[in-house]
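The values are calculated or read from the model by the stated rules, or taken from the named source; none is laboratory data. On a predicted model such as this, the values are computed, not experimentally measured, just so you know. Heads up, the Cβs are rebuilt from the backbone with ideal geometry, glycines too, and the neighbour counts pull from every protein chain shown. Ligands, DNA and RNA are stripped out before the accessible areas are found, and what is left, the full protein with its side chains, is counted by its heavy atoms. Shrake-Rupley method; radii C 1.70, N 1.55, O 1.52, S 1.80 Å.
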Amino acid sequence: MSKLELRDIQQSFFGKKMSQQVLSNVSLYVNDGEFVSIIGPSGSGKSTLFHIIGGLLNPSAGEVWLDGVNVTGTKGLISYMPQQPALFPWRSIESNVALAQEVAGETRSKALEKAREWLPKVGLGGYEHELPHVLSGGMQQRVSFLRALLSPQELMCLDEPFGSLDALTRQDMQAWLLNIWEQNKRSILFVTHSIEEALFLSDRIYVLSNKPATILEEIVIPFTRPRQETVMMESKFQELRLHIQALLRKEISYDKRN
């Protein structure tokens, strides 16, 4: 069970000569086993929101609730996957996968056993004892995702995990992620700049405004699961893509005028 609620989150940063409000009354939720995406203009505070959820940053106002408990400012309650794989170059693939479990208190032998069990399931069988530099970018992202998946925290926060990949590899990784998620149904909050990616993967999408960011719209995705890539050809998919694109273009135009 993992239900996340953000209640009226506000965040401002203060410098010697100026202050800047980044988030303004952001409220959202992720239900147990739900895949929710956040999309917004560059610099709209999406990563800041993750830092607040993870307890790395205390909000200026508002609260973070997880499973009915106020956890604002508490670390170690989410599983996090950053934009880059962030693998330790001196650790083997299986040791990198096992790391989150070890940090959570699992014995190294049991953590490695679980890593070895899962690596073939994600197409990385035979690479257990290799070092990260041997793997392609997409394969390294699989290792990073598996590390997050095997951590004990139910809520996974994925921060543009495929942003640095080429278009074809990114598309393959999206299909791969959906397949793995369908089998496990972990609660996921996913940040992306790609409208198509958000529509393809998500149950719901929150569209953020420019900073100070607030929720422009919550969009419920109507497509059934398990989801196939052919959904991208449907007229409703294109209609939603154009709708979100119009929302974001309006925000970008407003930002340039100001």
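Points worth noting:
- Beta bridge orientation in the chain: antiparallel %, DSSP, nearest 5: 55
- Using R0 = 41 Å, the C-beta based FRET efficiency linking residue 229 and residue 61 works out to 0.50.
- Other residues within the sphere of radius under 13 Å centred on the Cβ of residue 104, judged by their own Cβ, net out at +2 (K and R +1, D and E -1).
- Close amide-amide hydrogen proximity is noted between residue 190 and 36, 37, 38, 158, each under 5 Å apart and 5 or more residues distant or on a separate chain (H modeled in the peptide plane; Pro and chain starts excluded).
- Kirkwood estimate for the chain, i.e. one over the average of 1/r between Cα atoms, Å: 19.2
- By the equivalent-ellipsoid construction on the alpha carbon gyration tensor, segment 16-137 comes out with semi-axes of 34, 18, 15 Å, ordered largest to smallest.
- Sites listed here are trypsin sites (Lys or Arg not before Pro) in segment 89-151 whose DSSP assignment is loop and whose Cβ has at most 15 other Cβ atoms within 10 Å: 91.
- In this calculation the C-beta distance from residue 193 to residue 109 is compared with R0 = 25 Å, giving a FRET efficiency of 0.05.
- Solvent-accessible area per residue in the chain equals 48 Å², computed with a 1.4 angstrom probe and all protein chains kept.
- Per-selection Kirkwood Rh - segment 1-52 (Cα, Å, 1 d.p.): 12.5
- Portion, in percent, of the accessible area of the chain that falls on carbon or sulfur, probe 1.4 Å: 51
- The loop-placed chymotrypsin sites (Phe, Trp or Tyr not before Pro) in segment 152-182, going by DSSP, include none that has at most 14 neighbouring Cβ atoms within 10 Å of its Cβ.
- Residues whose amide H comes within less than 5 Å of that of residue 223, counting only those at least five positions distant or on another chain, are absent (H built at 1.01 Å from N in the peptide plane).
- Sites listed here are chymotrypsin sites (Phe, Trp or Tyr not before Pro) in segment 1-97 whose DSSP assignment is loop and whose Cβ has at most 15 other Cβ atoms within 10 Å: 90.
- Among the lysines of segment 1-155, pairs that are 8 or more positions apart or on different chains and have alpha carbons within less than 26 Å of each other number 9.
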